[in-house]
1. Of the listed pairs Lys92/Lys169; Lys42/Lys92; Lys105/Lys145; Lys22/Lys42; Lys28/Lys92; Lys44/Lys92, which have alpha-carbon separations greater than 21 Å here?
2. With a cut-off of 8 Å between alpha carbons and a minimum separation of six or more residues, what is the relative contact order of segment 2-181 in percent?
3. Mind giving me the FRET efficiency for Lys62 and Glu5? R0 is 45 Å, r the Cβ-Cβ distance, nearest 0.05 is fine.
4. By how many nm would the segment from Asn14 to His31 grow when fully extended, if each residue of separation counts as 0.36 nm and the alpha-carbon distance is taken off?
5. Compute the signed sum of charges (Lys and Arg +1, Asp and Glu -1) over the other residues within less than 13 Å, Cβ to Cβ, of Asn68.
Amino acid sequence: MEAYEAGQRHFGENYMQEFLAKAELMPKDVHWHFIGNMQSQKCKKIASVKNLYAIETIDNEKKARLVNQAREAIQTPLRIYVQINTSGEPNKAGVMPSEALELCKVVQSLEYLRLQGLMTIGSISNSQLQDQNPDFQLLSDLRLKLQKELNSPLELSMGMSSDFPLAIKYGSDSVRVGSSIFGSRPTEKPESVVSSK
């Protein structure tokens, strides 16, 4: 609550259960960003939270359509970032860069979704580089290409506590710096967030 009391209103959450619990407990003027991997069967539950500001991890058409259905039910559009797999790692979520345009067009076509931008979580090895980052470069270049194709501005969400200064140099509009502000997560994820009331 200290960050909220200091004026911060945008908060991100990786895990569905923690997101749902915190969204229930925190003041309703918080703008929530869901930034974790999202299973298809959980899309509607996550997207039904009224003060959800954005989902930054849409990586296929099925998820986009499920989120759109949930937002239609509450008659509130939602900002969407398409997640791009810039590193090509098979274990990483995200659509391949070559398929990004098609997915962006799907998002644009859905009534209750607003295409806000592109997001990536690059490789660990690239995040440790000091002067260059191939993942950030790829996403920055892809944004320029897609903005022309889509005739629409796109934001970039990339960079974490360890590499956000370099991400900003590459044009990132939004960074994830939770561990710098709140400290590292416990080794074991908490089972739930419990109200102190």
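Please treat every number below as a calculation from the coordinates, not as lab data. Model, not experiment: these values are computed from the prediction. Counting neighbours? That spans all protein chains shown, and the Cβs are built from the backbone with ideal geometry, glycine included.
1. Numbers: Lys92/Lys169 24 Å; Lys42/Lys92 19 Å; Lys105/Lys145 14 Å; Lys22/Lys42 17 Å; Lys28/Lys92 32 Å; Lys44/Lys92 23 Å.
With Cα atoms farther than 21 Å apart: Lys92/Lys169; Lys28/Lys92; Lys44/Lys92.
2. Values: 317 pairs, mean separation 26.3, N = 180.
Normalised by residue count, the contact order of segment 2-181 is 15 percent.
3. Values: r = 39 Å, r/R0 = 0.87.
Using R0 = 45 Å, I get an efficiency of 0.70.
4. Working: separation 17, 0.36 × 17 = 6.12 nm, distance 1.44 nm.
Fully extending the segment from Asn14 to His31 adds 4.7 nm.
5. Working: positive: Lys44, Lys62, Lys63, Arg65, Arg71, Arg79, Arg114; negative: Glu61, Glu72, Glu111.
Once all neighbours under 13 Å are counted, the net charge is +4.
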